[in-house]
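Data block below; observations after.
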Amino acid sequence: MAGTIEQKLGAQGILLHEPASPVANYVGFVRTGNLLFVSGQVCFDPEGKLIAKGKLGANVTIEQGNAAARGCGINLLAQLKAALGDLDKVVRVVRLGGFINSTPDFIDGPKVMNGASDLMVAAFGDKGRHARTTVGVASLPADAAVEVEGLFEVA
Amino acid sequence: MAGTIEQKLGAQGILLHEPASPVANYVGFVRTGNLLFVSGQVCFDPEGKLIAKGKLGANVTIEQGNAAARGCGINLLAQLKAALGDLDKVVRVVRLGGFINSTPDFIDGPKVMNGASDLMVAAFGDKGRHARTTVGVASLPADAAVEVEGLFEVA
Amino acid sequence: MAGTIEQKLGAQGILLHEPASPVANYVGFVRTGNLLFVSGQVCFDPEGKLIAKGKLGANVTIEQGNAAARGCGINLLAQLKAALGDLDKVVRVVRLGGFINSTPDFIDGPKVMNGASDLMVAAFGDKGRHARTTVGVASLPADAAVEVEGLFEVA
């Protein structure tokens, strides 16, 4: 039974899948007190295919990167659902860290990262507004175009 | 009416401006409990001009990078003032994350990042000493030379 | 007198050294409430020599990088011991942030970072499983191959 946040997402065509479990000695999320730290999510779609592969500034456009960042955001929500059962237990999106797979001259990381930020506000409204850090990195796992980590205050 | 910390900064010629509001679905800071997470601040000066533009290891010297990191620190303080009204409410600088726009062979990020660390101790004394992570990144928003994010314990 | 965790590490040949103190205005760790933030640790061994120097994708192999990440993890444990006196006071490894010194085409950061993750589970068992973010960066201090920061819930 989906909560109100998940229903709202469903009405926008966003369905939350079972998140992939890491195949190593780390986990998708850890809760400490009312804080939930979610591992960096690369831009895999629910079928495990990269939404965008490669570098911004080379073969990946800003639009493709923005869609990839949105996909990272959806993966964060899927982890939240696995952690909490119900997204309505999210009190506040506290912080997103965005890592953009970039050539040395790509300087529009924020436009890419907006894909994740906009999704959080689409899901949670004003509670979705967060502190954010966006940087361009030399490479990402699996040559993903974008990776986003999240910190959430939860009930 | 400036508190004692802000008066001390003023005596050193450091005036805190109104911080720029993000033009997107994120915010300058989020408080959760006694923790205040401040978004990554790039090295804009109060007039919105980059203190240093480009890469360490190429066109930006360590001295220029150090000044840029100090500018990021001033922007963090401006966010703190916007969040708290009075910098005297800062209990401890907990963590700074420093991202240095670097060529692949630039290995002196810590000397650059000291510009931000020194500013925190100039402002807060021993309470300004913090955990720190410094890395060299492929690119930064607007081609800024330095970006610094901060975490603060607040009253 | 070593606690049970440190004894277990000793039985695996892992001895914790006095961590190096930063020679700048930052510190190795800061505690706020029950959270302990540990500064980014580069892959120095106890003698202050880099376990691996240079870039993954160039002169550093995945195996060497994995050993370097494990070394960063040992340095995190040494900071924990300095902070807490006894590693048994660690309630949970909350989050590790892994920064891999990478060429633009190196995409196996997670295999490198497993060196740090595996060490945490070797030390703390299930309490050692953590949220994790791994990215490839353009450069690291001293040309270290790996840098890892940590967040811990402590008693």
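No value in this document is a laboratory result; all are computed from the given coordinates. Values in this document were obtained by computation on a predicted structure and should not be read as measured data. Neighbour counts run over all protein chains shown; Cβ positions are idealised from the backbone, glycine included.
Between beta-carbons, use under 10 Å as the cut-off and find the net charge around residue B:72, counting Lys and Arg +1, Asp and Glu -1.
With Lys, Arg at +1 and Asp, Glu at -1, the neighbours total -1.
Once every DSSP H run of n ≥ 4 in chain B is given -39500 (n - 2.57) and the sum is divided by its residues, what mean residue ellipticity at 222 nm do you get, rounded to the nearest 500 deg cm²/dmol?
That comes out to -10000 deg cm²/dmol.
Of the listed pairs A:127/B:127; A:127/C:89; A:8/A:127, which have alpha-carbon separations greater than 26 Å here?
A:127/B:127; A:127/C:89
Please compute the contact order of chain A in relative form: average sequence separation of alpha-carbon pairs under 8 Å and at least six residues apart, divided by the residue count, as a percent.
Averaging sequence separation for qualifying contacts and normalising by length gives 33 percent for chain A.
Can you tally the net charge around residue A:115? Count Lys and Arg as +1, Asp and Glu as -1, for every other residue whose Cβ sits under 13 Å from the Cβ of residue A:115.
-1
Show which aspartates and glutamates lie in cross-link reach of residue C:53 when reach means a straight Cα distance below 15 angstrom and same-chain residues fewer than eight apart are skipped.
Filter leaves B:105, B:108, C:45, C:63, C:143, C:147.
Just to confirm the numbers: residue C:126, label point 7 angstrom along the Cα-Cβ line, distances to the other copies in nm, shortest first?
List, nearest first: 4.1, 4.1 nm.
For chain A, modelled as a GNM with alpha-carbon contacts under 10 angstrom, which of A:66, A:114, A:75 fluctuates the most?
For chain A, modelled as a Gaussian network with Cα springs under 10 Å, the answer is A:114.
With label points built 7 Å along Cα→Cβ from the Cα atoms of residue C:8 and residue A:12, find their separation and express it in nm.
Calculated label separation equals 4.3 nm.
Can you list, shortest first in nanometers, how far residue B:105 lies from the same residue in the other copies, with each label 7 Å from Cα toward Cβ?
From this label point to the equivalent ones elsewhere in the assembly: 2.0, 2.0 nm.
Hand me the trypsin sites (Lys or Arg not before Pro) from segment C:1-56 located in a DSSP loop with no more than 15 other Cβ atoms within 10 Å, in residue order please.
Counting only loop positions with at most 15 other Cβ atoms within 10 Å, the trypsin sites (Lys or Arg not before Pro) in segment C:1-56 are C:49.
How many angstrom lie between the Cα centre of segment C:27-66 and the Cα centre of segment B:77-145?
So the two Cα centres are separated by 19 Å.
Within chain A, what percent of beta bridges assigned by DSSP are antiparallel, to the nearest 5?
For chain A, the DSSP antiparallel bridge percentage is about 70.
From the square roots a ≥ b ≥ c of the eigenvalues of the alpha-carbon gyration tensor of segment C:66-155, which class results: rounded (a/c under 1.5), prolate (a/b over b/c), or oblate?
The shape class here is prolate.
Would you mind counting up the charge near residue B:144? Only other residues with Cβ under 12 Å from its Cβ, with Lys and Arg at +1 and Asp and Glu at -1.
That sum, taken over residues with Cβ under 12 Å, equals 0.
Taking Rh as the Kirkwood radius computed over C-alpha pairs, what is the Stokes-Einstein D of chain B at 37 °C in a medium of viscosity 0.692 mPa s, expressed in µm² per second?
214 µm²/s
Residue A:45 label points, 7 Å along Cα→Cβ, one per copy: pairwise distances from this copy to the rest in nm, shortest first?
Computed spacing set for this position: 4.8, 4.8 nm.
Classify segment B:47-105 from the C-alpha gyration tensor, please: rounded if a/c falls under 1.5, else prolate or oblate depending on whether a/b exceeds b/c.
Prolate shape, in that a/c is at least 1.5 and a/b is the bigger ratio.
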